[in-house]
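The values are calculated or read from the model by the stated rules, or taken from the named source; none is laboratory data. In this text the structure is predicted, and so the values were computed from the model without any measurement. Here Cβ is always computed from backbone atoms with ideal geometry, including for glycine, and neighbour counts include all displayed protein chains.
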């Protein structure tokens, strides 16, 4: 699993599980979404994009099944000690 904390106005962090092709995104407002079926090359392009927010909106959001998850259920959320919340 890869966890990154990019310099981004949209994201606080994101992680990718290449075994399960699962992208988890932590947004600056401390909401968290998981997107399933994301190919590794799409994640690589997200990492290297000069505007990760624009790339995410174009290539990932609404293209892969996503669901909101409690931040505390994610590895990064547990590391940061963020509270459980679906709001």
(message) Looking at the range 46-58 only, could you name the residues that are over 12 Å from residue 14 (Cα atoms) and surrounded by 16 or more Cβ atoms within 10 Å (Cβ to Cβ)?
(response) 49, 55
(message) Anything in the range 26-48 that is at positive phi and modelled with pLDDT of 95 or more? List them, or say none.
(response) 37
(message) Between 23, 4, which is modelled with pLDDT of 90 or more and touching a helix residue (DSSP H, G or I) at 6+ places or on another chain (Cβ under 9 Å)?
(response) 23
(request) Would you confirm whether any residue within the range 14-37 is touching a residue at least 24 places away in the same chain (Cβ under 8 Å) and assigned to a helix (DSSP H, G or I)? (result) no
